[in-house]
Amino acid sequence: MSVASDCIIQCEPGVFTQNLNRLPYEFSHALAGNPLFELSRLVDLAEKVATRITPHLAGGDVYFNDGLIEPGQKPVRPDLARTAAVDLIRKIDSAQAWIILKHVEREPGYREVLENCIRDILQLSGPQLLRKIKWFEAILFITSPNRVTEYHLDREVSWILQLQGDKEIHLFDRADKEIVPDQELETYWTADNRAARYKPEYEARAIVYHMRPGTGVHIPINSPHWLRNKNNISVTLNVNFQFHDQHWANLYRANYYLRRAGIMPHPPGAHPVSDRLKSTAYTAMQMAKQAVKGRPLIPAEAREQNRRIAQLAGLR
């Protein structure tokens, strides 16, 4: 590993850049033991996130479910107030729960952690990456002992940093169409963000990383995965971003609607010219809808966040 004393994320630059948003890889980080992520501090953080007057997401910035599950199950969020997550953290050792605190970078201290992580990512990947990014986010996962996190896909390019406890992540190759059929991705990007279906017959194809405090794993977009916690409380930070360019996402969306219209679309990558036409047409339609609704393409909060990160990384 290449190590700098003031860096949070540490990885060989060649591995980082070659596999960025292509293949999973391991890295190390310097956040293990940081007092911001002690359970007592996370209770306070959860109270702030759960009671936000203006949450980032319409449904609130806290998600949780409880009860032991298997990788292929799709647990339902309990019909409880968002503040119930605070009580679950207090009894996380026995709650059999999985708790997500979203956009924790909106809180002091956690914002600096996210922005320093992104600084490191830019220094490892090259400054040109910043121009491609629309939005950064930091998510915290707090998990009970022996709890499974269900098989799923992510829309973001992610780095997960293990802060407390040990667990395994089982990652699958997004290029394997037996595991990730195009129709599944079309439904995921368009109609159902829980469309990914676990296929236990392909479990032997998973890449399994054993995570412990101080280690992390990169997860490319569309790479299915599930996690199993060890016999300990787990705290994990997810640092992620979304690209401006929604080419592949909009291509899957275009194919979804073509299929619904009775047209059998070519799979992504089979016909590049057709791919560009479909993605460009869908992108133009979405931009027109946003313009009609008066929504900015890049929210002011994201522009300010990008400005601070660029300054931190020495790009301005």
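Here, each number is a calculation from the coordinates, and none is a lab measurement. Quantities reported herein were computed from a predicted structural model and do not represent experimental measurements. FYI the Cβ positions are ideal-geometry reconstructions off the backbone, even for glycines, and counts take in every protein chain you see.
Assorted remarks:
- Using only alpha-carbon positions in the stretch 1-136, the gyration tensor eigenvalues give semi-axes of 31, 18, 16 Å once each is multiplied by 5 and square-rooted (largest first).
- Debye log10 I(q)/I(0) at q = 0.20, 0.27 Å⁻¹ for the stretch 51-116, Cα point scatterers: -0.91, -1.19
- Across the chain, the relative contact order, built from alpha-carbon pairs under 8 Å that are at least six residues apart, equals 22 percent.
- Cα centroid separation - the stretch 155-184 against the stretch 228-251, whole Å: 8 Å
- When the square roots of the Cα gyration tensor eigenvalues are ordered a ≥ b ≥ c, the ratio a/c for the stretch 247-293 is 1.5 or more and a/b does not exceed b/c, which makes its shape oblate.
- Mean projection area, nm², convex hull over Cα of the stretch 205-309: 11.2 nm²
- For the chain, the Cβ-based charge dipole about the Cα centre amounts to some 1020 debye (Lys, Arg positive; Asp, Glu negative; other atoms uncharged).
- Rotationally averaged projected area of the stretch 145-223 (alpha carbon convex hull; nm²): 5.5 nm²
- One Cα centroid belongs to the stretch 29-44, the other to the stretch 51-129; the line between them spans 14 Å.
- Close Lys pairs in the chain, defined as Cα atoms under 25 Å apart and 8 or more places apart or on different chains, number 28.
- Nonlocal amide H pairs with ILE219, under 5 Å, H built at 1.01 Å: SER158, TRP159, ILE160
- Mean ellipticity per residue at 222 nm, deg cm²/dmol - from DSSP H runs of n ≥ 4 across the chain, formula -39500 (n - 2.57): -10000 deg cm²/dmol
- HN-Hα J in Hz across the stretch 185-191 - Karplus 6.51, -1.76, 1.60, θ = phi - 60°, x for Gly and Pro: 5, 4, 5, 4, 6, 10, 10
- Every Cα-Cα pair in the chain was counted, and those over 31 Å apart are 32% of them.
- Charged side chains reduced to their Cβ positions (Lys and Arg at +1, Asp and Glu at -1) give the stretch 144-186 a dipole of some 260 debye around its Cα centre.
- Dividing the convex hull volume of the alpha carbon atoms of the stretch 175-257 by its residue count gives 127 Å³ per residue.
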